[in-house]
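Participant: Here it is: the structure, laid out below.
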Amino acid sequence: MTATDTQFAQHLSTQRVPDEKRMAILADPGFGNYFTDHTAIVDFRVDETGTGGWQDARLEPYGPIALDPAAAVLHYGQEIFEGMKAYRHADGSIWTFRADANAARLNRSAVRLALPQLPAELFLESLRQLVSADQDWIPSGDGESLYLRPFMIATEAFLGVRPAREVSYRVIASPAGNYFGGEVKPVDIWVSRTYARAGRGGTGAAKAGGNYASSLAAQLEAEAHGCKQVLFLDQFNDNAVEELGGMNVFFVFRDGSIVTPALSGTILEGVTRSSVIQLGRDRGLEVTERKITLDEWRDGVASGEITEVFACGTAAVITPIGQLRDGDDYIGTAGAPAGEVTMSIRSELLGIQTGAVEDTHGWLTRLV
């Protein structure tokens, strides 16, 4: 299948979720708890001549995936994914945000995990197909959306250690409320001193499931200490701040400048991260990507040099960080309000995504 040959066969569900049940779900969707009626699928196979290609693009009813017990994804973790959202605008049209950036990152992840690259046109068409079929699942509450999860798994059945020759690309969707609950308020973060999210030369820059699996033990540790998220450090680089379990970190300084950790190969290049950098620069603010250590964070908050800290990612958009807990040491003040710069950028970003603020960068793509 070529990039321009993106016809999807339609195998629509005859057992869609009843309207009454769907409306009850949309009244309080939570995050990642419910799923729409369909899934978009495209398969990749290498033939007997050694030529690989995408084929059999289709829309099917949502349901379990049949996998051979020897499927490579189950043994060697050949898997990547993306996260993005679809929003309904005031005129009823449905748009997604920076789909080109997600398509490009999926392919960077594919290269790192030895999976086939997916043509960007095919990626975008898979989103259009699914959202068009399941558009009634988009909630209408403030900041709510339809969360889209494109992913790619190695499905070939074999136990030799090599890249799989059969792969399945799929997209599922889930109605999404606010990630940390309704009201936007600062969350407390736990510093992991035991675990690392990624290492030099590893898969930290890829959006791969294994990175998130390795963060879960630290996340449990954070929750045991009353924190919503965990912060990972580079202990071999002066305890440089890396990222949270699923979000990038930003610091606002007293002079109005903004700093975020530089991409080092161990940090995921977030789409929201790059958008925040651009929006900050649009305001005339100095936005710097550089090394920032835990000591600088601690000293900056104590002196008042650092005035706000926030995290960002597709799921939560922008979330203010309240107190950082490092064992028995605390950085920041419990119960402190969200910062003005944090909430202003959050409002602008959400406004662009929902169509309430002009999209001057061409970031929006219409799906329906």
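Participant: Determine which member of the set F251, F236, F232 is open to solvent by 20 Å² or more (accessible area, probe 1.4 Å) and among the aromatic types (F, W, Y).
Facilitator: Values: F251 fails: open to solvent by 20 Å² or more (accessible area, probe 1.4 Å); F232 fails: open to solvent by 20 Å² or more (accessible area, probe 1.4 Å).
Every option except F236 fails the conditions.
Participant: Would you pick out the residues in region 50-74 that are among the aliphatic types (A, V, I, L, M) and closer than 23 Å to T6 by Cα?
Facilitator: The answer is A57, L59, I65.
Participant: If P186 satisfies all but one of (1) surrounded by 21 or more Cβ atoms within 10 Å (Cβ to Cβ); (2) modelled with pLDDT of 95 or more, what's the number of the condition it fails?
Facilitator: P186 satisfies all of (1) surrounded by 21 or more Cβ atoms within 10 Å (Cβ to Cβ); (2) modelled with pLDDT of 95 or more except (2).
Participant: I need a count of the residues in region 254-290 that are surrounded by fewer than 21 Cβ atoms within 10 Å (Cβ to Cβ), closer than 23 Å to Y212 by Cβ and among the aliphatic types (A, V, I, L, M).
Facilitator: Matching residues across region 254-290 total 2.
Participant: Within the bounds of region 157-176, is there any residue that is open to solvent by 10 Å² or more (accessible area, probe 1.4 Å), closer than 20 Å to G92 by Cα, of a type in the set (D, E) and touching an Asp or Glu at 6+ places or on another chain (Cβ under 9 Å)?
Facilitator: Looking for residues that are open to solvent by 10 Å² or more (accessible area, probe 1.4 Å), closer than 20 Å to G92 by Cα, of a type in the set (D, E) and touching an Asp or Glu at 6+ places or on another chain (Cβ under 9 Å), one finds none in region 157-176, hence no.
Participant: Let me ask something else. Looking only at region 77-115, which residues are of a type outside the set (S, T, N, Q), free of Cβ contacts under 8 Å to residues at least 24 places away in the same chain and either outside any loop (DSSP other than H, G, I, E, B) or under 17 Å from S275 (Cβ atoms) (or both)?
Facilitator: Hits for region 77-115 are A103, A104, V111.
Participant: Would you check if L74 is in a helix (DSSP H, G or I) and open to solvent by less than 10 Å² (accessible area, probe 1.4 Å)? Steps first, answer last, please.
Facilitator: Working: in a helix (DSSP H, G or I): yes; open to solvent by less than 10 Å² (accessible area, probe 1.4 Å): no.
Answer is no for this residue.
Participant: Here's something else I'd like to know. Report every pair of residues separated by at least 6 positions or lying on different chains whose Cβ atoms are under 7 Å apart, first residue within region 281-308 and at pLDDT below 95, second surrounded by 13 or more Cβ atoms within 10 Å (Cβ to Cβ).
Facilitator: none
Participant: Which one of the conditions (1) open to solvent by less than 10 Å² (accessible area, probe 1.4 Å); (2) within 28 Å of A99 (Cα to Cα) does C227 fail to meet, given that it meets all the rest?
Facilitator: Against the list (1) open to solvent by less than 10 Å² (accessible area, probe 1.4 Å); (2) within 28 Å of A99 (Cα to Cα), C227 comes up short only on (2).
Participant: Restrict the check to region 122-139 and report whether at least one residue is outside any loop (DSSP other than H, G, I, E, B), under 18 Å from T39 (Cα atoms) and among the β-branched types (V, I, T).
Facilitator: There is at least one residue in region 122-139 that is outside any loop (DSSP other than H, G, I, E, B), under 18 Å from T39 (Cα atoms) and among the β-branched types (V, I, T).
Participant: Right, next: Within region 211-224, track down each residue that is part of a helix (DSSP H, G or I) and either surrounded by 14 or more Cβ atoms within 10 Å (Cβ to Cβ) or in contact with a helix residue (DSSP H, G or I) (Cβ under 7 Å, 6 or more places away or on another chain) (or both).
Facilitator: Residues satisfying the conditions are N211, Y212, A218, Q219, E221, A222.
Participant: If G204 passes every condition in (1) open to solvent by 40 Å² or more (accessible area, probe 1.4 Å); (2) on the phi < 0 side of the Ramachandran plot; (3) not in a helix (DSSP H, G or I) but one, which one does it miss?
Facilitator: (1)
Participant: Can you tell me how many residues in region 305-362 are among the β-branched types (V, I, T), surrounded by fewer than 21 Cβ atoms within 10 Å (Cβ to Cβ) and out of contact with any helix residue (DSSP H, G or I) (no Cβ under 9 Å at 6 or more places or on another chain)?
Facilitator: Matching residues across region 305-362 total 1.
Participant: Being at pLDDT 95 or above, out of contact with any Asp or Glu (no Cβ under 8 Å at 6 or more places or on another chain) and open to solvent by less than 40 Å² (accessible area, probe 1.4 Å) narrows it down to one residue among L106, L130; which is it? Quick ask: steps written out before the conclusion?
Facilitator: Numbers: L106 fails: out of contact with any Asp or Glu (no Cβ under 8 Å at 6 or more places or on another chain).
Criteria check complete, one pass: L130.
Participant: G265 fails exactly one of the following numbered conditions: (1) over 29 Å from D328 (Cα atoms); (2) at pLDDT 95 or above. What is the number of that condition?
Facilitator: Answer for G265: the failing condition is (2).
Participant: Criterion first (within 19 Å of the chain's Cα centre (by Cα) and closer than 22 Å to A336 by Cβ) does V276 satisfy it?
Facilitator: yes
Participant: What number of residues within region 34-71 satisfy the criterion of being surrounded by fewer than 16 Cβ atoms within 10 Å (Cβ to Cβ), assigned to a strand (DSSP E or B) and either at pLDDT below 95 or among the hydroxyl-bearing types (S, T, Y) (or both)?
Facilitator: Here the count works out to 1.
The values are calculated or read from the model by the stated rules, or taken from the named source; none is laboratory data. Quantities reported herein were computed from a predicted structural model and do not represent experimental measurements. Neighbour counts are summed over all protein chains in view; Cβ atoms, including those assigned to glycine, are modelled from backbone coordinates with ideal geometry. Protein only, heavy atoms only, side chains kept; ligands, DNA and RNA dropped before computing areas. Shrake-Rupley method; radii C 1.70, N 1.55, O 1.52, S 1.80 Å.
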